[in-house]
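The values are calculated or read from the model by the stated rules, or taken from the named source; none is laboratory data. If you're wondering where the values come from, they're calculated on a predicted model, not measured in any experiment. Methodologically, a virtual Cβ is constructed for each residue, glycine included, from the backbone with ideal geometry; neighbour enumeration extends over all protein chains shown.
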Protein chains: 2
Amino acid sequence: MSLQNIRVVLVNTSHAGNIGGAARAMKNMGLSRLVLVEPEDFPSPDAVARASGATDILDAAQVVGTLEEALVGCSLVLGTSARDRRIPWPLLDPRECATVSVEQAACGSDVALVFGREYAGLTNEELQRCQYHVHIPSDPQFSSLNLAAAVQVLTYEVRMAWLAAEGRPTKVEKLETTAMLDAQPVTVDELENYFGHLEQTLVDIGFLDPAKPRHLMPRLRRLYGRSGISKLEMNILRGILTETQKAARGEPHKRRSE
Amino acid sequence: MSLQNIRVVLVNTSHAGNIGGAARAMKNMGLSRLVLVEPEDFPSPDAVARASGATDILDAAQVVGTLEEALVGCSLVLGTSARDRRIPWPLLDPRECATVSVEQAACGSDVALVFGREYAGLTNEELQRCQYHVHIPSDPQFSSLNLAAAVQVLTYEVRMAWLAAEGRPTKVEKLETTAMLDAQPVTVDELENYFGHLEQTLVDIGFLDPAKPRHLMPRLRRLYGRSGISKLEMNILRGILTETQKAARGEPHKRRSE
(Lines give C-alpha, C1' and ligand atoms only; values in the text may rest on other atoms or scores of the structure.)
Protein backbone atom coordinates (compact mmCIF):
# COMPACT_ATOMS: atom_id res chain seq x y z
CA MET A 1 0.00 0.00 0.00
CA SER A 2 1.24 3.43 -0.87
CA LEU A 3 0.81 6.66 1.04
CA GLN A 4 0.50 8.54 -2.24
CA ASN A 5 -3.29 8.21 -2.15
CA ILE A 6 -3.45 10.43 0.90
CA ARG A 7 -3.29 14.11 -0.02
CA VAL A 8 -2.86 17.12 2.26
CA VAL A 9 -5.09 20.10 1.42
CA LEU A 10 -4.26 23.52 2.89
CA VAL A 11 -7.05 26.06 2.57
CA ASN A 12 -6.25 29.76 2.16
CA THR A 13 -2.96 29.67 4.07
CA SER A 14 -1.61 33.12 5.05
CA HIS A 15 2.02 32.36 5.85
CA ALA A 16 4.16 30.73 3.17
CA GLY A 17 6.48 29.44 5.92
CA ASN A 18 3.70 27.19 7.11
CA ILE A 19 3.32 25.71 3.61
CA GLY A 20 7.04 24.89 3.68
CA GLY A 21 6.79 23.41 7.17
CA ALA A 22 3.83 21.30 6.09
CA ALA A 23 5.76 20.04 3.04
CA ARG A 24 8.70 19.05 5.24
CA ALA A 25 6.44 17.24 7.70
CA MET A 26 4.75 15.39 4.83
CA LYS A 27 8.04 14.29 3.29
CA ASN A 28 9.36 13.20 6.70
CA MET A 29 6.31 10.96 7.03
CA GLY A 30 6.40 9.63 3.45
CA LEU A 31 3.51 11.63 1.97
CA SER A 32 3.94 13.64 -1.21
CA ARG A 33 0.73 15.10 -2.57
CA LEU A 34 0.07 18.69 -1.49
CA VAL A 35 -2.89 20.74 -2.74
CA LEU A 36 -3.17 24.46 -1.95
CA VAL A 37 -6.52 26.21 -2.13
CA GLU A 38 -6.05 29.94 -2.70
CA PRO A 39 -2.75 30.35 -0.82
CA GLU A 40 -2.09 34.02 -0.02
CA ASP A 41 1.63 33.89 -0.78
CA PHE A 42 2.90 31.05 -2.95
CA PRO A 43 5.39 30.29 -4.41
CA SER A 44 7.57 32.03 -1.86
CA PRO A 45 11.16 31.89 -0.59
CA ASP A 46 9.76 31.50 2.95
CA ALA A 47 8.10 28.25 1.92
CA VAL A 48 11.35 26.96 0.41
CA ALA A 49 13.33 27.91 3.53
CA ARG A 50 11.00 26.11 5.95
CA ALA A 51 10.66 23.10 3.61
CA SER A 52 14.34 22.43 4.30
CA GLY A 53 14.85 20.12 1.33
CA ALA A 54 11.26 19.07 0.69
CA THR A 55 11.17 21.38 -2.34
CA ASP A 56 10.05 18.53 -4.61
CA ILE A 57 6.75 18.55 -2.74
CA LEU A 58 6.42 22.34 -3.11
CA ASP A 59 7.30 22.12 -6.82
CA ALA A 60 4.66 19.44 -7.40
CA ALA A 61 2.02 21.19 -5.25
CA GLN A 62 -1.25 21.77 -7.04
CA VAL A 63 -2.73 25.26 -6.62
CA VAL A 64 -6.51 25.47 -7.05
CA GLY A 65 -9.21 28.06 -6.59
CA THR A 66 -11.79 26.13 -4.57
CA LEU A 67 -11.95 23.34 -2.01
CA GLU A 68 -14.19 21.45 -4.43
CA GLU A 69 -11.36 21.27 -7.00
CA ALA A 70 -8.92 20.15 -4.31
CA LEU A 71 -11.16 17.21 -3.42
CA VAL A 72 -11.75 15.86 -6.95
CA GLY A 73 -11.46 12.07 -6.97
CA CYS A 74 -11.49 11.67 -3.17
CA SER A 75 -13.81 9.18 -1.52
CA LEU A 76 -12.86 10.16 2.02
CA VAL A 77 -12.44 13.73 3.25
CA LEU A 78 -11.36 14.58 6.79
CA GLY A 79 -11.32 18.18 8.00
CA THR A 80 -9.40 19.48 11.00
CA SER A 81 -11.49 21.47 13.38
CA ALA A 82 -10.71 23.23 16.62
CA ARG A 83 -13.93 25.17 16.90
CA ASP A 84 -17.23 24.69 18.62
CA ARG A 85 -19.81 23.65 16.15
CA ARG A 86 -23.54 24.06 15.86
CA ILE A 87 -24.12 20.86 13.97
CA PRO A 88 -22.42 17.84 15.56
CA TRP A 89 -20.47 15.86 13.03
CA PRO A 90 -18.72 12.50 13.22
CA LEU A 91 -15.55 13.39 15.15
CA LEU A 92 -12.28 11.47 15.17
CA ASP A 93 -9.06 11.90 17.11
CA PRO A 94 -5.83 11.90 15.05
CA ARG A 95 -5.23 8.18 15.60
CA GLU A 96 -8.72 7.21 14.44
CA CYS A 97 -8.33 9.60 11.49
CA ALA A 98 -5.10 7.84 10.49
CA THR A 99 -6.67 4.38 10.79
CA VAL A 100 -9.59 5.14 8.46
CA SER A 101 -7.35 7.05 6.05
CA VAL A 102 -4.90 4.17 5.71
CA GLU A 103 -7.75 1.65 5.40
CA GLN A 104 -9.32 3.64 2.57
CA ALA A 105 -5.99 4.28 0.82
CA ALA A 106 -5.24 0.55 1.01
CA CYS A 107 -8.45 -0.05 -0.99
CA GLY A 108 -7.10 2.28 -3.67
CA SER A 109 -9.33 5.20 -2.71
CA ASP A 110 -8.10 8.77 -2.56
CA VAL A 111 -8.19 10.46 0.84
CA ALA A 112 -7.89 14.16 1.70
CA LEU A 113 -6.74 15.64 5.00
CA VAL A 114 -7.98 19.23 4.98
CA PHE A 115 -6.45 22.01 7.08
CA GLY A 116 -7.95 25.49 7.43
CA ARG A 117 -6.66 29.02 7.78
CA GLU A 118 -4.10 29.91 10.48
CA TYR A 119 -6.48 32.10 12.46
CA ALA A 120 -9.96 31.08 11.41
CA GLY A 121 -9.71 27.38 10.50
CA LEU A 122 -12.26 25.98 8.08
CA THR A 123 -15.65 27.62 7.54
CA ASN A 124 -18.82 25.73 8.42
CA GLU A 125 -19.50 25.27 4.72
CA GLU A 126 -16.05 23.76 4.21
CA LEU A 127 -16.45 21.52 7.26
CA GLN A 128 -19.74 20.23 5.88
CA ARG A 129 -17.89 18.97 2.80
CA CYS A 130 -15.95 16.60 5.08
CA GLN A 131 -17.31 13.20 6.12
CA TYR A 132 -15.37 13.40 9.36
CA HIS A 133 -13.94 16.13 11.51
CA VAL A 134 -10.62 15.60 13.23
CA HIS A 135 -9.64 17.33 16.44
CA ILE A 136 -6.12 17.23 17.89
CA PRO A 137 -6.71 16.91 21.65
CA SER A 138 -4.93 20.07 22.75
CA ASP A 139 -5.20 21.85 26.09
CA PRO A 140 -8.57 23.68 26.05
CA GLN A 141 -6.80 26.69 27.61
CA PHE A 142 -4.44 27.00 24.63
CA SER A 143 -5.84 24.92 21.88
CA SER A 144 -4.68 26.34 18.56
CA LEU A 145 -1.72 24.52 17.03
CA ASN A 146 0.58 26.00 14.44
CA LEU A 147 -0.61 24.85 11.00
CA ALA A 148 2.59 22.95 10.13
CA ALA A 149 2.55 21.35 13.61
CA ALA A 150 -1.02 20.13 13.01
CA VAL A 151 0.06 18.66 9.65
CA GLN A 152 2.98 17.01 11.48
CA VAL A 153 0.72 15.35 14.06
CA LEU A 154 -1.76 13.98 11.52
CA THR A 155 0.87 12.78 9.04
CA TYR A 156 2.83 11.19 11.91
CA GLU A 157 -0.27 9.24 12.91
CA VAL A 158 -0.83 8.28 9.25
CA ARG A 159 2.71 6.92 9.09
CA MET A 160 2.27 5.01 12.37
CA ALA A 161 -0.96 3.45 11.04
CA TRP A 162 0.68 2.69 7.70
CA LEU A 163 3.68 0.99 9.35
CA ALA A 164 1.27 -1.09 11.45
CA ALA A 165 -0.84 -2.00 8.39
CA GLU A 166 2.27 -3.01 6.47
CA GLY A 167 3.54 -5.06 9.40
CA ARG A 168 6.67 -2.89 9.53
CA PRO A 169 8.37 -1.97 12.80
CA THR A 170 7.91 1.55 14.15
CA LYS A 171 11.55 1.55 15.18
CA VAL A 172 14.47 0.41 13.12
CA GLU A 173 18.10 0.72 14.01
CA LYS A 174 20.75 1.00 11.37
CA LEU A 175 23.78 -0.49 13.04
CA GLU A 176 27.42 -0.79 12.08
CA THR A 177 29.04 -4.24 11.98
CA THR A 178 30.27 -4.05 15.58
CA ALA A 179 26.85 -2.90 16.67
CA MET A 180 25.20 -5.78 14.78
CA LEU A 181 27.29 -8.16 16.85
CA ASP A 182 26.27 -6.22 19.92
CA ALA A 183 22.60 -6.58 19.10
CA GLN A 184 22.79 -10.36 18.51
CA PRO A 185 22.20 -12.47 21.61
CA VAL A 186 24.56 -15.34 22.39
CA THR A 187 23.36 -18.89 21.82
CA VAL A 188 22.98 -21.30 24.74
CA ASP A 189 26.05 -23.29 23.67
CA GLU A 190 28.16 -20.11 23.67
CA LEU A 191 26.82 -19.43 27.14
CA GLU A 192 27.72 -22.98 28.25
CA ASN A 193 31.27 -22.56 26.91
CA TYR A 194 31.49 -19.36 28.90
CA PHE A 195 30.32 -21.04 32.12
CA GLY A 196 32.98 -23.75 31.59
CA HIS A 197 35.66 -21.10 31.06
CA LEU A 198 34.41 -19.11 34.04
CA GLU A 199 34.41 -22.10 36.37
CA GLN A 200 37.98 -23.06 35.37
CA THR A 201 39.15 -19.49 35.85
CA LEU A 202 37.59 -19.28 39.31
CA VAL A 203 39.46 -22.48 40.18
CA ASP A 204 42.70 -21.03 38.74
CA ILE A 205 42.50 -17.91 40.88
CA GLY A 206 41.58 -19.97 43.97
CA PHE A 207 38.07 -18.50 44.36
CA LEU A 208 36.27 -21.80 43.69
CA ASP A 209 37.20 -24.99 45.50
CA PRO A 210 36.04 -27.93 43.33
CA ALA A 211 35.80 -30.01 46.48
CA LYS A 212 33.44 -27.50 48.12
CA PRO A 213 31.69 -25.68 45.25
CA ARG A 214 28.68 -24.56 47.37
CA HIS A 215 26.14 -22.62 45.23
CA LEU A 216 28.64 -20.41 43.44
CA MET A 217 28.15 -21.63 39.85
CA PRO A 218 24.33 -21.83 39.97
CA ARG A 219 24.27 -18.26 41.29
CA LEU A 220 26.57 -17.07 38.49
CA ARG A 221 24.51 -19.01 35.93
CA ARG A 222 21.38 -17.29 37.19
CA LEU A 223 23.01 -13.87 36.97
CA TYR A 224 24.46 -14.23 33.46
CA GLY A 225 21.49 -16.21 32.24
CA ARG A 226 19.07 -13.35 32.86
CA SER A 227 21.34 -10.61 31.50
CA GLY A 228 20.61 -11.17 27.81
CA ILE A 229 24.28 -11.12 26.86
CA SER A 230 25.17 -10.11 23.29
CA LYS A 231 27.89 -11.75 21.18
CA LEU A 232 30.08 -8.66 21.56
CA GLU A 233 29.67 -8.62 25.33
CA MET A 234 30.53 -12.34 25.38
CA ASN A 235 33.79 -11.61 23.53
CA ILE A 236 34.63 -9.08 26.24
CA LEU A 237 33.78 -11.47 29.08
CA ARG A 238 35.82 -14.27 27.52
CA GLY A 239 38.74 -11.85 27.04
CA ILE A 240 38.62 -10.93 30.73
CA LEU A 241 38.74 -14.63 31.71
CA THR A 242 41.71 -15.33 29.42
CA GLU A 243 43.65 -12.42 30.88
CA THR A 244 42.68 -13.45 34.40
CA GLN A 245 44.04 -16.95 33.79
CA LYS A 246 47.30 -15.51 32.45
CA ALA A 247 47.61 -13.34 35.52
CA ALA A 248 46.96 -16.37 37.72
CA ARG A 249 49.82 -18.17 35.96
CA GLY A 250 52.11 -15.22 36.68
CA GLU A 251 52.37 -14.16 33.02
CA PRO A 252 53.03 -10.48 32.29
CA HIS A 253 49.78 -8.65 31.60
CA LYS A 254 49.08 -6.11 28.93
CA ARG A 255 46.33 -3.52 28.78
CA ARG A 256 43.42 -4.43 26.53
CA SER A 257 43.63 -1.11 24.81
CA GLU A 258 47.28 -1.56 23.78
CA MET B 1 -1.55 13.29 37.72
CA SER B 2 -0.02 16.43 36.37
CA LEU B 3 2.06 16.87 33.24
CA GLN B 4 4.28 19.35 35.07
CA ASN B 5 6.71 16.57 36.02
CA ILE B 6 7.63 16.10 32.38
CA ARG B 7 10.18 18.66 31.22
CA VAL B 8 11.39 19.39 27.70
CA VAL B 9 15.16 19.92 27.37
CA LEU B 10 16.53 21.56 24.20
CA VAL B 11 20.28 21.22 23.80
CA ASN B 12 22.30 23.94 22.06
CA THR B 13 19.48 25.12 19.80
CA SER B 14 20.63 27.37 16.91
CA HIS B 15 17.36 29.00 15.83
CA ALA B 16 15.37 30.94 18.40
CA GLY B 17 12.25 30.40 16.26
CA ASN B 18 12.43 26.70 17.06
CA ILE B 19 12.49 27.45 20.79
CA GLY B 20 9.30 29.48 20.33
CA GLY B 21 7.71 26.72 18.24
CA ALA B 22 8.62 24.15 20.89
CA ALA B 23 7.09 26.34 23.62
CA ARG B 24 3.85 26.67 21.64
CA ALA B 25 3.69 22.90 21.03
CA MET B 26 4.27 22.25 24.76
CA LYS B 27 1.55 24.66 25.85
CA ASN B 28 -0.88 23.20 23.27
CA MET B 29 -0.30 19.80 24.84
CA GLY B 30 -0.44 20.97 28.48
CA LEU B 31 3.28 20.87 29.34
CA SER B 32 5.03 23.86 30.84
CA ARG B 33 8.59 23.19 31.94
CA LEU B 34 11.21 24.12 29.34
CA VAL B 35 14.97 23.87 30.00
CA LEU B 36 17.47 25.27 27.49
CA VAL B 37 21.06 24.04 27.50
CA GLU B 38 23.36 26.66 25.97
CA PRO B 39 20.89 28.13 23.47
CA GLU B 40 22.68 30.13 20.78
CA ASP B 41 20.14 32.94 20.63
CA PHE B 42 17.83 33.39 23.61
CA PRO B 43 15.88 35.42 24.65
CA SER B 44 14.92 36.52 21.16
CA PRO B 45 12.01 38.19 19.38
CA ASP B 46 11.96 35.22 16.94
CA ALA B 47 11.19 32.89 19.83
CA VAL B 48 8.36 35.16 21.02
CA ALA B 49 6.90 35.40 17.50
CA ARG B 50 6.79 31.63 16.93
CA ALA B 51 5.55 30.98 20.49
CA SER B 52 2.34 32.74 19.43
CA GLY B 53 1.10 33.35 22.97
CA ALA B 54 3.08 30.71 24.83
CA THR B 55 5.35 33.44 26.19
CA ASP B 56 4.75 32.32 29.78
CA ILE B 57 6.68 29.15 28.96
CA LEU B 58 9.53 31.15 27.40
CA ASP B 59 9.59 33.54 30.39
CA ALA B 60 9.80 30.63 32.83
CA ALA B 61 12.35 28.69 30.75
CA GLN B 62 15.45 27.73 32.68
CA VAL B 63 18.74 28.39 30.85
CA VAL B 64 21.66 26.19 31.96
CA GLY B 65 25.21 25.53 30.84
CA THR B 66 25.27 21.72 30.73
CA LEU B 67 22.94 18.80 30.07
CA GLU B 68 23.79 17.53 33.56
CA GLU B 69 22.26 20.65 35.13
CA ALA B 70 19.19 20.30 32.92
CA LEU B 71 18.59 16.78 34.21
CA VAL B 72 18.89 17.47 37.95
CA GLY B 73 16.16 15.61 39.85
CA CYS B 74 15.07 13.43 36.91
CA SER B 75 14.66 9.70 37.33
CA LEU B 76 13.85 9.06 33.69
CA VAL B 77 15.67 10.62 30.75
CA LEU B 78 14.69 9.98 27.13
CA GLY B 79 16.80 11.32 24.29
CA THR B 80 15.64 11.78 20.71
CA SER B 81 17.93 10.22 18.17
CA ALA B 82 17.80 10.04 14.39
CA ARG B 83 21.32 8.84 13.86
CA ASP B 84 22.97 5.48 13.40
CA ARG B 85 24.60 4.46 16.58
CA ARG B 86 27.61 2.35 17.45
CA ILE B 87 26.30 1.11 20.76
CA PRO B 88 22.70 -0.17 20.60
CA TRP B 89 20.57 1.36 23.30
CA PRO B 90 17.04 0.63 24.47
CA LEU B 91 14.97 2.25 21.72
CA LEU B 92 11.36 3.42 21.97
CA ASP B 93 8.94 4.82 19.44
CA PRO B 94 7.12 8.03 20.42
CA ARG B 95 4.08 6.14 21.72
CA GLU B 96 6.14 3.89 23.98
CA CYS B 97 8.14 6.94 25.11
CA ALA B 98 4.91 8.67 26.12
CA THR B 99 3.63 5.63 28.00
CA VAL B 100 6.74 5.26 30.21
CA SER B 101 6.96 9.03 30.70
CA VAL B 102 3.38 9.30 31.92
CA GLU B 103 3.76 6.19 34.12
CA GLN B 104 6.85 7.66 35.79
CA ALA B 105 5.33 11.12 36.16
CA ALA B 106 2.25 9.53 37.74
CA CYS B 107 4.55 8.08 40.44
CA GLY B 108 5.78 11.62 41.17
CA SER B 109 9.09 11.19 39.35
CA ASP B 110 10.59 13.84 37.13
CA VAL B 111 11.01 12.95 33.49
CA ALA B 112 13.10 14.71 30.80
CA LEU B 113 12.52 14.58 27.05
CA VAL B 114 15.83 15.69 25.51
CA PHE B 115 16.13 17.14 21.99
CA GLY B 116 19.45 17.81 20.25
CA ARG B 117 20.83 20.40 17.84
CA GLU B 118 19.00 21.20 14.59
CA TYR B 119 21.72 19.75 12.36
CA ALA B 120 23.74 17.39 14.55
CA GLY B 121 21.28 16.04 17.11
CA LEU B 122 22.68 14.83 20.43
CA THR B 123 26.29 13.71 20.79
CA ASN B 124 27.07 10.11 21.73
CA GLU B 125 28.07 11.29 25.19
CA GLU B 126 24.73 13.07 25.62
CA LEU B 127 22.82 10.04 24.32
CA GLN B 128 24.58 7.84 26.85
CA ARG B 129 23.13 9.98 29.65
CA CYS B 130 19.66 8.86 28.54
CA GLN B 131 18.11 5.57 29.70
CA TYR B 132 16.14 5.35 26.49
CA HIS B 133 16.49 6.66 22.99
CA VAL B 134 13.39 7.74 21.10
CA HIS B 135 13.15 7.68 17.34
CA ILE B 136 10.27 9.23 15.40
CA PRO B 137 9.61 6.74 12.58
CA SER B 138 10.24 9.06 9.65
CA ASP B 139 10.89 8.11 6.05
CA PRO B 140 14.50 6.85 5.91
CA GLN B 141 14.94 8.86 2.68
CA PHE B 142 14.12 12.14 4.45
CA SER B 143 14.33 11.50 8.12
CA SER B 144 15.20 14.72 9.88
CA LEU B 145 12.24 16.53 11.41
CA ASN B 146 12.19 20.21 12.27
CA LEU B 147 13.02 20.57 15.99
CA ALA B 148 9.68 22.13 16.96
CA ALA B 149 7.88 19.46 14.89
CA ALA B 150 9.70 16.72 16.84
CA VAL B 151 8.69 18.39 20.12
CA GLN B 152 5.11 18.52 18.78
CA VAL B 153 5.03 14.78 18.01
CA LEU B 154 6.44 13.70 21.39
CA THR B 155 4.32 16.09 23.45
CA TYR B 156 1.23 15.08 21.45
CA GLU B 157 1.88 11.44 22.32
CA VAL B 158 2.45 12.43 25.97
CA ARG B 159 -0.94 14.16 25.99
CA MET B 160 -2.64 11.15 24.36
CA ALA B 161 -1.08 8.83 26.98
CA TRP B 162 -2.01 11.25 29.78
CA LEU B 163 -5.64 11.49 28.60
CA ALA B 164 -5.80 7.68 28.49
CA ALA B 165 -4.23 7.35 31.97
CA GLU B 166 -6.69 9.88 33.38
CA GLY B 167 -9.59 8.15 31.70
CA ARG B 168 -10.39 11.31 29.79
CA PRO B 169 -11.72 11.28 26.23
CA THR B 170 -9.35 12.18 23.39
CA LYS B 171 -12.17 14.07 21.72
CA VAL B 172 -14.56 16.44 23.37
CA GLU B 173 -17.15 18.55 21.67
CA LYS B 174 -18.39 21.75 23.17
CA LEU B 175 -21.90 22.04 21.86
CA GLU B 176 -24.61 24.67 22.03
CA THR B 177 -28.03 23.73 23.45
CA THR B 178 -29.52 22.94 20.05
CA ALA B 179 -26.46 20.89 19.22
CA MET B 180 -26.79 18.99 22.53
CA LEU B 181 -30.29 17.95 21.44
CA ASP B 182 -28.84 17.02 18.08
CA ALA B 183 -26.22 14.80 19.68
CA GLN B 184 -28.73 12.91 21.87
CA PRO B 185 -30.20 9.81 20.24
CA VAL B 186 -33.95 9.24 20.41
CA THR B 187 -35.28 6.56 22.73
CA VAL B 188 -37.08 3.49 21.36
CA ASP B 189 -40.45 4.75 22.58
CA GLU B 190 -39.93 8.05 20.74
CA LEU B 191 -39.09 5.99 17.66
CA GLU B 192 -42.27 3.90 18.14
CA ASN B 193 -44.38 7.05 18.43
CA TYR B 194 -42.79 8.22 15.20
CA PHE B 195 -43.60 4.97 13.39
CA GLY B 196 -47.21 5.25 14.57
CA HIS B 197 -47.40 8.84 13.34
CA LEU B 198 -45.68 7.89 10.06
CA GLU B 199 -48.04 4.99 9.41
CA GLN B 200 -51.11 7.14 10.03
CA THR B 201 -49.76 9.85 7.76
CA LEU B 202 -49.10 7.37 4.95
CA VAL B 203 -52.70 6.22 5.29
CA ASP B 204 -53.89 9.86 5.27
CA ILE B 205 -52.11 10.63 2.01
CA GLY B 206 -53.24 7.38 0.44
CA PHE B 207 -49.80 5.83 0.11
CA LEU B 208 -50.49 2.98 2.53
CA ASP B 209 -53.58 0.80 2.23
CA PRO B 210 -54.26 -0.75 5.68
CA ALA B 211 -55.98 -3.64 3.92
CA LYS B 212 -52.86 -4.36 1.80
CA PRO B 213 -49.90 -3.06 3.83
CA ARG B 214 -47.29 -5.26 2.02
CA HIS B 215 -43.79 -4.71 3.54
CA LEU B 216 -43.88 -0.95 3.59
CA MET B 217 -43.70 -0.34 7.35
CA PRO B 218 -41.03 -3.00 8.08
CA ARG B 219 -38.86 -1.45 5.35
CA LEU B 220 -39.31 2.03 6.78
CA ARG B 221 -38.61 0.70 10.28
CA ARG B 222 -35.38 -0.86 9.02
CA LEU B 223 -34.30 2.39 7.36
CA TYR B 224 -35.03 4.73 10.30
CA GLY B 225 -33.87 2.17 12.84
CA ARG B 226 -30.34 2.06 11.47
CA SER B 227 -30.00 5.81 10.99
CA GLY B 228 -29.23 6.72 14.60
CA ILE B 229 -31.75 9.55 14.67
CA SER B 230 -31.16 12.38 17.15
CA LYS B 231 -33.86 14.11 19.19
CA LEU B 232 -33.51 17.23 17.06
CA GLU B 233 -33.87 15.23 13.83
CA MET B 234 -36.93 13.51 15.30
CA ASN B 235 -38.53 16.91 15.96
CA ILE B 236 -37.97 17.75 12.30
CA LEU B 237 -39.41 14.42 11.07
CA ARG B 238 -42.48 14.75 13.30
CA GLY B 239 -42.97 18.32 12.07
CA ILE B 240 -42.91 17.11 8.47
CA LEU B 241 -45.58 14.48 9.25
CA THR B 242 -47.82 17.00 11.00
CA GLU B 243 -47.62 19.38 8.04
CA THR B 244 -48.21 16.49 5.63
CA GLN B 245 -51.38 15.49 7.49
CA LYS B 246 -52.62 19.09 7.37
CA ALA B 247 -51.97 19.18 3.64
CA ALA B 248 -53.82 15.89 3.22
CA ARG B 249 -56.79 17.44 5.04
CA GLY B 250 -56.65 20.39 2.64
CA GLU B 251 -55.58 22.90 5.34
CA PRO B 252 -53.54 25.92 4.20
CA HIS B 253 -49.82 25.28 4.58
CA LYS B 254 -47.15 27.61 5.91
CA ARG B 255 -43.42 27.49 5.40
CA ARG B 256 -41.46 26.06 8.32
CA SER B 257 -39.12 29.01 8.34
CA GLU B 258 -41.94 31.54 8.75
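Observations
- For the range B:148-162, the criterion of being within 20 Å of A:ALA25 (Cα to Cα), aromatic (Phe, Trp, Tyr) and surrounded by 19 or more Cβ atoms within 10 Å (Cβ to Cβ) is met by at least one residue.
- Selection from the range B:130-148 of residues that are of a type in the set (Gly, Ala, Ser) and either under 14 Å from B:GLY79 (Cβ atoms) or in contact (Cβ under 8 Å) with a residue 60 or more places away in the chain (or both): B:SER143, B:SER144, B:ALA148
- Every residue from the range A:68-120 that is surrounded by fewer than 18 Cβ atoms within 10 Å (Cβ to Cβ) and of a type in the set (Gly, Ala, Ser): A:GLY73, A:SER75, A:ALA82, A:ALA106, A:GLY108, A:SER109, A:ALA120
- Filter result (modelled with pLDDT of 70 or more, surrounded by 12 or more Cβ atoms within 10 Å (Cβ to Cβ) and either within 23 Å of B:LYS231 (Cα to Cα) or more than 10 Å from every other protein chain (Cβ to nearest Cβ) (or both)) within the range B:167-180: B:LYS171
- Yes/no for A:LEU31 being modelled with pLDDT under 95, within 14 Å of another protein chain (Cβ to nearest Cβ), within 20 Å of A:VAL134 (Cβ to Cβ) and under 20 Å from the mean Cα position of the chain (by Cα): no
- Residue check for B:SER14: of a type in the set (S, T, N, Q), more than 17 Å from B:VAL153 (Cβ to Cβ) and in a loop (DSSP other than H, G, I, E, B): yes
- Residue that is nearest to A:VAL188 (Cα to Cα) [pool: residues in the range A:225-253 that are free of Cβ contacts under 8 Å to residues at least 24 places away in the same chain and basic (Lys, Arg)]: A:ARG226
- Looking only at residues of the range B:190-245 that are charged (D, E, K, R) and part of a loop (DSSP other than H, G, I, E, B), we find that the one that is surrounded by the most Cβ atoms within 10 Å (Cβ to Cβ) is B:ASP209.
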